[in-house]
Structure formats: C-alpha cells, structure tokens
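This report refers to the structure that appears directly beneath it.
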Amino acid sequence: QKEVEQDPGPLSVPEGAIVSLNCTYSNSAFQYFMWYRQYSRKGPELLMYTYSSGNKEDGRFTAQVDKSSKYISLFIRDSQPSDSATYLCAMSETTDSWGKLQFGAGTQVVVTP
Amino acid sequence: NAGVTQTPKFRILKIGQSMTLQCAQDMNHNYMYWYRQDPGMGLKLIYYSVGAGITDKGEVPNGYNVSRSTTEDFPLRLELAAPSQTSVYFCASSYSTRQGPRGAPQHFGDGTRLSIL
C-alpha cells in the first residue's frame, strides 16, 4: 500500500465549476500538508501548505486537512482553463525541516471553456 | 531572481554512459533535494543535502551519487546509465534552522528529462 494515495484522474470540469481534489494517507505522523500544481513540462509549484488539521483559504483555493480520517482536500472555486494542470499532494512528518516529502501520484485536471 | 536552475533540460544517453545533472539555487537555501518523477508514480527522493559537505540517501539512491561543495550547487551523478533511470529529474531547495523550517516548503526547478537507450 502506498503511503499517500491520490486518484490520477483525469478530472474534467467546465469553466466556472468547483474542482475537488483529495488525498488519503496512512502515516499518522504526517504534520505538514502541501498542494503543488504542475503544468506540463514544468516543475511543481507550491500552491498552499498547512500544519496539522483545519482549513486554509487563499483566493480561489481552499485546503482542508482531517487528520482523524487521514484525508486532505483541495478545492478550486470558479475554475479557469489556466487551472488545467496536474495537482500533487505532499506530506511531511518532521518539524526540524521541511524534510523528506511524500508525494501522491498527482491528479490531472482539465478545465474546459 | 532565478530560483532553482537545472541543466540540461533534455538529454539522451546510451546504456553504460555517465553524466552529471546540474542544479543551482540562488535563494541561499541550506537544504537541497533530488527527486525523480515517473508516470503514475509521483516524486521519489533520490538524495538530499542539509548543507555544504553533508548529503544523505533518500528512498531510491541506487545508481546515483551526489556531492555538495557549495551552498548553491547540488549536482547529481549517474554512473553506468541503465534504462530504468529513464525519468524526469527534479531538484528542489528549502530553508530550515535549528528552530524549524522557514519560509515555504520546497521550491522546484523545471526538471531534466533523461532518456537512456
């Protein structure tokens, strides 16, 4: 069993819809949770990161962490064609550094005009 | 501000050849990392470094070597290239102190796409 599970998609939505992405994990020691966006032939770009449980909002993006269920989510409101990319979740258990991140395999998102 | 710069962007190698993938960062980050990304597999950590002169293995280090002589540079060496090393390689960096991480989690370069035939 992978330490971090993420549905690979593709997830296709019409422009303006809400995109809902999620990851599940098995390691209860994870404390830091990140979402990266990766455009084709580019490196991952950090979108948001959170510590422990709770919600965090940044513009059209909302990240949620439910440690009791070992489940994290990313919501993208008012989706745009420019949001079409692969979204990677990542997690870390250490507090002395960002440490060795465990990544999900990524979900491909396609936003159609 | 360049961030993390990787060279080359593309490379084709023959089986048994060797090469060095270059990575440089200009953010004065002390931590640097090398990952490989294979389709459907996510990113796997190859090696990482917590500062000049200090390196350690990640999850998939076999067939690779690293060195860290300066804060800015963290080259990855492939010796005796094998088809299984065909992948996209990403370098990343971050900053931490004894009190914990500072700033954002890892910044990534745009990768080196390597094919071994």
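The values are calculated or read from the model by the stated rules, or taken from the named source; none is laboratory data. These numbers come from a predicted model, not from an experiment. Note: ideal-geometry Cβ built from the backbone for every residue, glycine included; neighbour counts use all protein chains shown. With ligands, DNA and RNA removed, areas are computed over all heavy atoms of the protein, side chains included. Shrake-Rupley method; radii C 1.70, N 1.55, O 1.52, S 1.80 Å.
For the reader, a short list of remarks on this structure follows.
- Here residue B:50 does not fit the description of being of a type outside the set (Ser, Thr, Tyr) and open to solvent by less than 40 Å² (accessible area, probe 1.4 Å).
- Unique residue being small (Gly, Ala, Ser), surrounded by 13 or more Cβ atoms within 10 Å (Cβ to Cβ) and in contact (Cβ under 8 Å) with a residue 60 or more places away in the chain when the list is A:79, A:73: A:79
- Tally of residues being open to solvent by less than 70 Å² (accessible area, probe 1.4 Å), of a type in the set (S, T, N, Q) and under 19 Å from residue A:94 (Cα atoms) across the stretch A:1-36: 4
- Against the test of being open to solvent by less than 40 Å² (accessible area, probe 1.4 Å), within 14 Å of another protein chain (Cβ to nearest Cβ), within 10 Å of the chain's Cα centre (by Cα) and within 19 Å of residue A:41 (Cβ to Cβ), the options B:111, B:42, B:3 yield a single qualifying residue, B:111.
- Whichever residue in the stretch B:6-39 is among the charged types (D, E, K, R) and within 13 Å of residue B:85 (Cα to Cα) and, among such residues, is surrounded by the fewest Cβ atoms within 10 Å (Cβ to Cβ): B:14
- Any pair with Cβ under 8 angstrom, 6 or more apart, that starts in the stretch B:102-117 at a residue that is within 16 Å of residue B:79 (Cα to Cα) and of a type in the set (Gly, Ala, Ser) and ends at one that is open to solvent by less than 40 Å² (accessible area, probe 1.4 Å) and modelled with pLDDT of 90 or more: B:115/B:13
- A count restricted to the stretch A:52-70 and to residues that are at pLDDT below 95, surrounded by 12 or more Cβ atoms within 10 Å (Cβ to Cβ) and within 14 Å of chain B (Cβ to nearest Cβ) stands at 1.
- Taking the criterion of being touching a Gly at 6+ places or on another chain (Cβ under 9 Å), open to solvent by less than 60 Å² (accessible area, probe 1.4 Å) and at pLDDT below 95, the residues of the stretch B:82-104 that qualify are B:92, B:93, B:94, B:96, B:101.
- Residues of the stretch B:52-95 that turn out to be within 11 Å of chain A (Cβ to nearest Cβ) and not hydrophobic (A, V, I, L, M, F, W, C), as a count: 8
- Filtering the stretch A:12-51 to residues that are more than 15 Å from the chain's Cα centre (by Cα) and more than 10 Å from chain B (Cβ to nearest Cβ) leaves A:12, A:13, A:14, A:15, A:16, A:17, A:26, A:27, A:28, A:29, A:40.
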